[in-house]
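The values are calculated or read from the model by the stated rules, or taken from the named source; none is laboratory data. All values derive from a computational prediction rather than experimental measurement. Quick reminder, even Gly has a Cβ in these numbers, built from the backbone with ideal geometry, and neighbours come from all protein chains shown. Protein only, heavy atoms only, side chains kept; ligands, DNA and RNA dropped before computing areas. Shrake-Rupley method; radii C 1.70, N 1.55, O 1.52, S 1.80 Å.
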Amino acid sequence: MQTQEIQKKQAEDASPLRQKAMRWSMRFLYLLLFLAVFGDFIANDKPWLCRLDGAWYMPVARELLVKAGVARWPANLVNLDWHAQRYDLSIWPPIRYAAGTIDLKNSNYVSPVAPQQVEHWRFRHWLGADRLGRDTAAGLVAGARTAVWVGLVAMSIAGFIGLLLGSLAGFFGDRGLTVSRAGLLGGLAGLLAGGFYGFVARPLLWQQNATWAVLSGCALLAVFIIGLAWLAHNMLGRLPWWRRRATLPIDTLVMRLVEIIDAMPGLLLLLAVMAIVSRPSIGIVVVVIGLIGWLGVARFVRAELLRIRHFEYIDAARVAGLSEWRVLWRHALPNALRPVVTTLTFGAAAAILLESYLSFLGIGLPPEIVTWGGQIQAVRSNINAWWLAIFPGLAIFFTVASLNLLGEGLLERQKQ
Amino acid sequence: MAAYVLKRLLLFLPTLLAVSMLAFGLNKCAPGDPVTQFMTLDENSKTGADYQRYQRVYAETAVRMGLNKPAFYLQLTTAAYPDTLYKVLQADHRANLSRLVARYGCWPEIQTYYKALQRAEAAFVYAGLRSDASIAARTALLQLYGQHEPGPIGARLDTIGMALSRDSALAAHGRPAYAALTDACRAVEAGATPWKHYIPALYWQGFDNQYHHWLGGVLKGNWGVSYRDERPVFAKIADAARWTLLLNLLAIALAYLIAIPIGVYSAVRPGGRFDRWSNVALLALYSLPGFWVAILLTVFFTNPQYGMDWFPSMGVGEPGRGDSWWDALQLRASHLFLPVAALTYGSLAFIARQVRGSMAKALSEDFVRTARAKGLPERTVIWKHAFRNALFPLITLFSGILPAALAGSVVVEAIFNIPGMGFLTIESILNKDWPVVYAVLMMTALLTVAGILLADLLYAWADPRVRLS
């Protein structure tokens, strides 16, 4: 009685502050998404629209088309120094530098408050510049894209694996999942064959970059396991001995796997894996973060389904004659999906933080990818460049805090 | 209880086995040739007359490191590959042979080609001829060990053929070997069977393999030898672990000291102003990236530019010989203050939230109501009755925090140049000193598993329901 009262009071009192925190978190995340999508229009060393020698150009839009391979630069505009032109008219992005623009006049750590070598105050480096004269603000915009990319893709991978394994473990437990002996044999054969064709033979037959190699290898593995199990069940399963059902302790298997990955701290595991990748890329970092980041989702989905599977409507669906798989996918899992969003927000925060640690240490990412962690790294070679520590750090902090506050708010809402 | 302990221990064995396989596998995939990293600069010289000695020392070193054994119990590969490729000791030769097999898929022919190459090398690389033609032939022949595409191989063979036709002394030595080599090369191209890559092959390699010996060594405390200074890895990690443990234990103790009052007071008045604000503040604190805090501390407190140059920035400080213990303590404290501060706040937020949860649960129990009904002062009720009961889950929390803190101190140690395990890891990755990197991974996994085990056992000891169900 007393507990309930306390909780009710707590929920009422806490809600305005929480609501406000959640609202601001959402706003910040929308801003981040906007920066990630339209970053080229916000920080660029070319004007949006300009009139040069009597002709009209839209250099930013054209640059995007050129990158997409649809258009080409006219001969007179290739390698043009856009800052040095005399325009009849020009409209510029708010930040007049791209993340990679090297401003030689303002190289060697120009502070935001120090005098800068610029023609007009509009060309100032508002948040300073680094050793090569690259603009900090433009780097923040480019870093937002990396962060959003890491959060979204890593969590898609983690969410997929976590949902799949967590729901199997939670719904079926150790006794619920039975397969015919033929199917079990087929699945084991599929594991071997999928491992072989996905990871041993495929690199020899079909060369590709590491990101797609990992993803396609995993996909092949899954296809082989399911395909061969199905095939064996339908062909060999006609014999009586092979038709008998064997129990698959799926819960124990999944939880052991979770325990194994959990035993190694994420950052160390990521460092150990990235250290040996010969050609590092943001893609491989994201895939590895996703492959080790599904534990939280799996645990959560499992716990949720352990609870749901005892509900009456599940029994009702069973009594109605639906198959176990249909009960899981159509009735049990949809009710567990909403809470999963919460773990995904926490997971995205952790993924972004992990990536920033990695790029701060300078291991695992190619130098041309701009990340907030990588920007902060520059402070280690010049301890006086406070602006390189403050601004990217604030960006990481606000992103991670927004995601955590959002997750916290969602969690609170579910409890009520 | 004994049965429960045994059961938990047995459950952890597969985990540790899997972690050890992962660490070993990553170590095997690491770039670079461990043998040449072990050899001195002088022994690594391949020029002229040194080449024979290089090969001899290389083979000896590889055998000493146990690299003449298969890597693992089982080998899953394509039917084109032999199960005995590990017997080729030189890593660059092995890699090239494997590229050749990947391209042509016919091991018997490629083996013949490799042997012909070695015979040709014996015939006119070591013959001691000094003419220009023989030097050109020798260079081209040695380059063949690194080529797997038909174009470059053909070009090198042509160079050798031309050199043979120019120099009769060389021709006398090397003509038959050269003929055998070109024949073998043609046979490889003619007998190409790339379709063999579609057929799987599973080989059993026996117990006398590298993983088996490595795992045996690990169990006996022999964790291998660092490539860099040939010190035992275990000793290196033990040295580093002293600093890491000192830092983290200080930080965790401090975190508990600060977190307990915060958690208790916010639990005593749930929903109160202190509770709400401390909750948001702790969440914000939790979201602060550790490396950022550490960097800000170095920027503002170890830097004379802002007038706050209060702390030294590098290392742990070495007290001089004649210093009193008080001076030494002061020196160490001034060096360790900032890193400990940077490590503390992260676990602080986590612990405070746990304290609040655990305390709120204890306060809603019947015995607290009884204590209040008895008329005990509120202070006694909170600290003597409720807090003592809330304390237990917090003690077991410790075993979970320690491994996480070990990982968290990687960056802090790197920034403050503290020679701990994190610093060692980063340094070893940059130096490609793989045995140390993967030993640290193993070690943290061991510590984590031990921590979880300890927590489980404490729970079972305190709450008999856990071990009986």
Legend entry - Index of the failed condition, B:THR182 passing every other in (1) polar (S, T, N, Q); (2) within 26 Å of B:ASP50 (Cβ to Cβ); (3) in contact with a helix residue (DSSP H, G or I) (Cβ under 7 Å, 6 or more places away or on another chain): (2)
Legend entry - Residue in the stretch B:39-46 that is in a helix (DSSP H, G or I), away from chain A (no Cβ under 12 Å) and open to solvent by 40 Å² or more (accessible area, probe 1.4 Å) present: no
Legend entry - Considering residues of the stretch A:358-371 that are buried (at least 23 other Cβ atoms within 10 Å of the Cβ) and facing chain B (nearest Cβ under 9 Å) only, the residue nearest to B:PHE423 (Cα to Cα): A:LEU361
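Can you pull out every residue in the stretch A:224-252 that is farther than 20 Å from B:THR448 by Cα, within 14 Å of chain B (Cβ to nearest Cβ) and either open to solvent by 50 Å² or more (accessible area, probe 1.4 Å) or among the basic types (Lys, Arg) (or both)? Walk me through it before giving the result.
So the first thing to find is which residues in the stretch A:224-252 are farther than 20 Å from B:THR448 by Cα, and the list is A:224-251.
Imposing the further condition that a residue be within 14 Å of chain B (Cβ to nearest Cβ) reduces the set to A:224, A:228, A:249, A:251.
Once the filter is applied, which keeps residues that are farther than 20 Å from B:THR448 by Cα, within 14 Å of chain B (Cβ to nearest Cβ) and either open to solvent by 50 Å² or more (accessible area, probe 1.4 Å) or among the basic types (Lys, Arg) (or both), the stretch A:224-252 yields A:PHE224, A:LEU228, A:PRO249.
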Legend entry - Qualifying residues in the stretch A:257-312 (those that are aromatic (Phe, Trp, Tyr) and assigned to a loop (DSSP other than H, G, I, E, B)) - the one nearest to the other protein chains (Cβ to nearest Cβ): A:TRP294
Legend entry - Matching residues, the stretch B:17-38, being within 14 Å of another protein chain (Cβ to nearest Cβ) and buried (at least 17 other Cβ atoms within 10 Å of the Cβ): B:ALA18, B:VAL19, B:SER20, B:LEU22, B:ALA23, B:PHE24, B:LEU26, B:ASN27, B:ALA30, B:PRO34
Inset, instruction - Enumerate the helices (runs of 4 or more DSSP H) found wholly within the stretch A:136-239, keeping only those where 3 or more residues are touching a residue at least 24 places away in the same chain (Cβ under 8 Å). - result: A:136-172, A:181-195, A:210-235
Legend entry - Tally, over the stretch A:54-87, of residues that are open to solvent by 50 Å² or more (accessible area, probe 1.4 Å) and of a type in the set (A, V, I, L, M): 8
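Would you mind stating whether A:ALA351 is buried (at least 20 other Cβ atoms within 10 Å of the Cβ) and out of contact with any Ser or Thr (no Cβ under 7 Å at 6 or more places or on another chain)? So that I can check it myself, show each step before the final result.
Working: buried (at least 20 other Cβ atoms within 10 Å of the Cβ): yes; out of contact with any Ser or Thr (no Cβ under 7 Å at 6 or more places or on another chain): yes.
When the stated conditions are applied, A:ALA351 passes them.
In the stretch B:283-298, which residues are open to solvent by 20 Å² or more (accessible area, probe 1.4 Å) and more than 7 Å from chain A (Cβ to nearest Cβ)?
B:LEU285, B:VAL293, B:LEU297, listed by residue number.
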Legend entry - Search result, residues across the stretch A:373-405 that are more than 9 Å from chain B (Cβ to nearest Cβ), at pLDDT 90 or above and open to solvent by less than 20 Å² (accessible area, probe 1.4 Å): A:ALA395
Inset, instruction - Would you point out which residue out of B:TYR54, B:TYR58, B:TYR86 is in contact (Cβ under 8 Å) with a residue 24 or more places away in the chain and either open to solvent by 50 Å² or more (accessible area, probe 1.4 Å) or of a type in the set (Ser, Thr, Tyr) (or both)? - result: B:TYR58
Legend entry - Of residues in the stretch B:250-269 being buried (at least 22 other Cβ atoms within 10 Å of the Cβ) and not aliphatic (A, V, I, L, M), the one farthest from the other protein chains (Cβ to nearest Cβ): B:GLY263
Inset, instruction - Kindly provide the set of residues from the stretch B:202-251 that are closer than 22 Å to B:ASP83 by Cα and in a loop (DSSP other than H, G, I, E, B), ordered by number. - result: B:GLN205, B:GLY206, B:PHE207, B:ASP208, B:ASN209
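Out of the residues in the stretch B:188-210 meeting the condition of being farther than 14 Å from B:PRO435 by Cβ and crowded, with 18+ Cβ neighbours inside 10 Å, tell me which one is nearest to the other protein chains (Cβ to nearest Cβ). So that I can check it myself, show each step before the final result.
Our first condition is that a residue be farther than 14 Å from B:PRO435 by Cβ; within the stretch B:188-210, this holds for B:188-209.
The next check asks that each one be crowded, with 18+ Cβ neighbours inside 10 Å; those that pass are B:188, B:196-197, B:205, B:209.
Values: B:VAL188: 16, B:LYS196: 10, B:HIS197: 5, B:GLN205: 15, B:ASN209: 18 Å.
The selected residue is B:HIS197.
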Legend entry - Scope the stretch B:96-108; condition closer than 10 Å to B:ALA192 by Cα and open to solvent by 60 Å² or more (accessible area, probe 1.4 Å); matching residues: B:ARG103
Inset, instruction - Please give the number of the condition B:ALA362 fails out of (1) crowded, with 16+ Cβ neighbours inside 10 Å; (2) under 30 Å from B:LEU288 (Cα atoms). - result: (2)
Inset, instruction - Could you tell me which residue of the stretch B:416-439 is surrounded by the most Cβ atoms within 10 Å (Cβ to Cβ), considering only residues that are facing chain A (nearest Cβ under 7 Å) and among the hydrophobic types (A, V, I, L, M, F, W, C)? - result: B:VAL437
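Any idea which of A:GLY173, A:GLY139, A:GLY133 is touching a helix residue (DSSP H, G or I) at 6+ places or on another chain (Cβ under 7 Å) and surrounded by 24 or more Cβ atoms within 10 Å (Cβ to Cβ)? Even if it seems obvious, please write down each step before you answer.
Working: A:GLY173 fails: surrounded by 24 or more Cβ atoms within 10 Å (Cβ to Cβ); A:GLY133 fails: surrounded by 24 or more Cβ atoms within 10 Å (Cβ to Cβ).
Exactly one of A:GLY173, A:GLY139, A:GLY133 is touching a helix residue (DSSP H, G or I) at 6+ places or on another chain (Cβ under 7 Å) and surrounded by 24 or more Cβ atoms within 10 Å (Cβ to Cβ), namely A:GLY139.
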Inset, instruction - Of all residues in the stretch B:165-181, count the ones that are modelled with pLDDT of 85 or more and surrounded by 18 or more Cβ atoms within 10 Å (Cβ to Cβ). - result: 4
Legend entry - Residue match in the stretch A:386-407 (condition: in contact with a helix residue (DSSP H, G or I) (Cβ under 7 Å, 6 or more places away or on another chain), more than 23 Å from A:PHE160 (Cα to Cα) and either outside any helix (DSSP H, G or I) or not assigned by TED's automatic domain parsing to the domain that holds A:VAL301 (or both)): no
Inset, instruction - Assess whether B:ARG332 counts as being at pLDDT below 80, basic (Lys, Arg), open to solvent by 20 Å² or more (accessible area, probe 1.4 Å) and more than 20 Å from B:GLU413 (Cα to Cα). - result: no
